[in-house]
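Note sheet for the following structure.
The values are calculated or read from the model by the stated rules, or taken from the named source; none is laboratory data. None of the values given here were measured: they were computed from a predicted structure. Cβ atoms come from the backbone with ideal geometry, glycine included; neighbour counts cover every protein chain shown. Keep in mind that these areas ignore ligands, DNA and RNA; they rest on the heavy atoms of the full protein, side chains included. Shrake-Rupley method; radii C 1.70, N 1.55, O 1.52, S 1.80 Å.
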Amino acid sequence: MEPRIAVVMATYNNAGTLATVLAGVRAHAPGTMIVVDDGSTDNSAAILSAEQGIDVVSVTPNRGKGHALRKGFERARALGFTHAITIDTDGQHDPADIPAVAQAIMAKPDAMVMGVRNMDQASVPGRSSFGNRFSNFWFKVETGITLRDTQTGFRGWPLMPLEGKRWLTDRFGFEVEAIVKMAWSGTPFAQVPVRV
């Protein structure tokens, strides 16, 4: 069966960038967008209600990015999607890279597709670059797999391998926990350069 892909975005108090990100995603990924508003207290809900053609899932109170992503994945599965592309709503990712992630999903539907950012460029804070290298190292220790960017939020997720798993965290750590557990259960990985 050919992959069916939705774009899933978790957002929390990103009213300053949300509309721009949504416009960019719409331009590069025409189709279903699922946005999980994770208890935002800013103007995000009003921005989302003014948008057409977006499936909005509201969570209150704020539960964390991991919980929001899982809610988005549940919604995607309920709508018949097999895969989700995730992109952050804080403006750090370029929606123009969505087609490259989608192509990687189509080429290898069973793989977890990781968008690889250039963490060595001058605009990336040293703390972030170090944190990513540290995470990459421990991911390899736990799984034997070398990934260049374990902390990226720009990913192509096969949804089936997530089903039935128990999760330890609802926060940002979910994204690393998920890839470790997917690696342990035999999910292959693909890596695609993305801009930041």
- Note on the structure: Restricted to the stretch 135-149 and to residues being among the charged types (D, E, K, R) and in contact with a strand residue (DSSP E or B) (Cβ under 9 Å, 6 or more places away or on another chain), the residue farthest from residue 65 (Cα to Cα) is 148
- Message: Restricting to the stretch 64-91, name every residue that is more than 25 Å from residue 196 (Cβ to Cβ), surrounded by 18 or more Cβ atoms within 10 Å (Cβ to Cβ) and of a type in the set (Lys, Arg).
- Response: 71, 75
- Message: Within the stretch 22-53, take every residue that is under 16 Å from residue 155 (Cβ atoms) and part of a helix (DSSP H, G or I) and give me the one that is most open to solvent (accessible area, probe 1.4 Å).
- Response: 28
- Tally, over the stretch 154-174, of residues that are under 13 Å from the mean Cα position of the chain (by Cα) and modelled with pLDDT of 95 or more: 7
- Message: For the structure I just gave you, tell me whether residue 19 is over 16 Å from the mean Cα position of the chain (by Cα), buried (at least 16 other Cβ atoms within 10 Å of the Cβ) and not in a loop (DSSP other than H, G, I, E, B).
- Response: yes
- Those residues of the stretch 150-196 which are closer than 19 Å to residue 9 by Cα, in contact with a strand residue (DSSP E or B) (Cβ under 7 Å, 6 or more places away or on another chain) and outside any strand (DSSP E or B) amount to 152, 153, 154, 159, 179, 194
- In the stretch 1-16, residue least open to solvent (accessible area, probe 1.4 Å) [restricted to those that are assigned to a loop (DSSP other than H, G, I, E, B) and in contact with a helix residue (DSSP H, G or I) (Cβ under 8 Å, 6 or more places away or on another chain)]: 3
- Message: Taking the condition of being in contact (Cβ under 8 Å) with a residue 60 or more places away in the chain and out of contact with any Lys or Arg (no Cβ under 7 Å at 6 or more places or on another chain), how many residues in the stretch 53-70 meet it?
- Response: 4
